[in-house]
């Protein structure tokens with residue numbers, strides 16, 4: 001059992017496809033693991049066409065599911081693809097969103113991935129309200145961190161300062177992470 005305080009959790013504003021110090025990045029994927037907009041578009045553009053080609057045999061995935069591919073031209077060895085719920089359509093959306101985070105972290109732990117970067121899953125085109133999504137994320141991290149053995153650093157890479165602040169506040173309340181991060 002891991003002491004959750006031995007896992008660092010960070011919230012930053014930046015580009016998820018430019019996290020060169022991370023072993024893996026998490027893709028806010030579509031069901032067919034194809035190039036899309038937002039996070040999926042940025043990751044696929046940086047990774048090159050091999051990422052979509054590798055993902056073809058794994059697709060389609062269901063909301064809450066996570067699968068692992070290589071990083072291709074990204075500065076990361078791995079990409080963990082998660083299909084988040086479409087808010088108001090995929091039910092129960094809070095459980096499906098929690099499953100995304102749980103499944104991605106479990107997959108990382110099983111594969112010995114120590115450092116991974118997440119976007120705010122489902123909060124873009126899938127319409128999940130940022131504050132609700134942040135609460136789901138913080139709650140599942142609180143629950144799963146003690147069971148992780150290999151993961152050492154979780155970085156949330158957010159689009160702008162408002163998104164960073166929203167998630168950071170939820171994490172501070174649940175995990176007592178350093179408020180300066």
Report task. Taking residue 51 as the residue in question, decide whether it is touching a residue at least 40 places away in the same chain (Cβ under 8 Å) and touching a helix residue (DSSP H, G or I) at 6+ places or on another chain (Cβ under 8 Å). Result -> no
Query raised in the report: Given the residues 61, 43, which is the only one that is in contact (Cβ under 8 Å) with a residue 24 or more places away in the chain and in a loop (DSSP other than H, G, I, E, B)?
Result: 61
Requested in this report: Just one of (1) modelled with pLDDT of 95 or more; (2) part of a loop (DSSP other than H, G, I, E, B) trips up residue 68, so point out which.
Outcome: (2)
Report task. Can you tell me which residue within region 85-106, out of those that are touching a residue at least 24 places away in the same chain (Cβ under 8 Å) and part of a loop (DSSP other than H, G, I, E, B), is nearest to residue 129 (Cα to Cα)? Result -> 87
Report summary line: Exception for residue 79 within (1) closer than 14 Å to residue 117 by Cα; (2) assigned to a loop (DSSP other than H, G, I, E, B) falls at (2)
Report task. Tell me, please, whether a residue that is closer than 15 Å to residue 119 by Cβ and either surrounded by 22 or more Cβ atoms within 10 Å (Cβ to Cβ) or in contact with a helix residue (DSSP H, G or I) (Cβ under 7 Å, 6 or more places away or on another chain) (or both) can be found in region 57-73. Result -> yes
Query raised in the report: Just wondering, is there one or more residues in region 107-119 that are outside any loop (DSSP other than H, G, I, E, B), crowded, with 17+ Cβ neighbours inside 10 Å, over 12 Å from the mean Cα position of the chain (by Cα) and touching a residue at least 12 places away in the same chain (Cβ under 8 Å)?
Result: yes
Requested in this report: Count, please, the residues in region 89-106 that happen to be under 25 Å from residue 8 (Cβ atoms) and either in contact with a strand residue (DSSP E or B) (Cβ under 7 Å, 6 or more places away or on another chain) or surrounded by fewer than 24 Cβ atoms within 10 Å (Cβ to Cβ) (or both).
Outcome: 7
Query raised in the report: Restricting attention to region 129-169, and to residues there that are in contact with a helix residue (DSSP H, G or I) (Cβ under 9 Å, 6 or more places away or on another chain) and more than 23 Å from residue 80 (Cα to Cα), which single residue is surrounded by the most Cβ atoms within 10 Å (Cβ to Cβ)?
Result: 166
Report task. Count, please, the residues in region 10-35 that happen to be touching a residue at least 40 places away in the same chain (Cβ under 8 Å) and either surrounded by fewer than 23 Cβ atoms within 10 Å (Cβ to Cβ) or assigned to a helix (DSSP H, G or I) (or both). Result -> 14
Requested in this report: Determine if region 68-84 includes at least one residue that is touching a residue at least 12 places away in the same chain (Cβ under 8 Å) and more than 14 Å from residue 25 (Cβ to Cβ).
Outcome: yes
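The values are calculated or read from the model by the stated rules, or taken from the named source; none is laboratory data. Every value quoted in this text rests on a predicted model; they were computed, and no experiment measured them. Because the Cβ atoms are built from the backbone with ideal geometry, glycine has one as well, and the counts that use them run over all protein chains shown.
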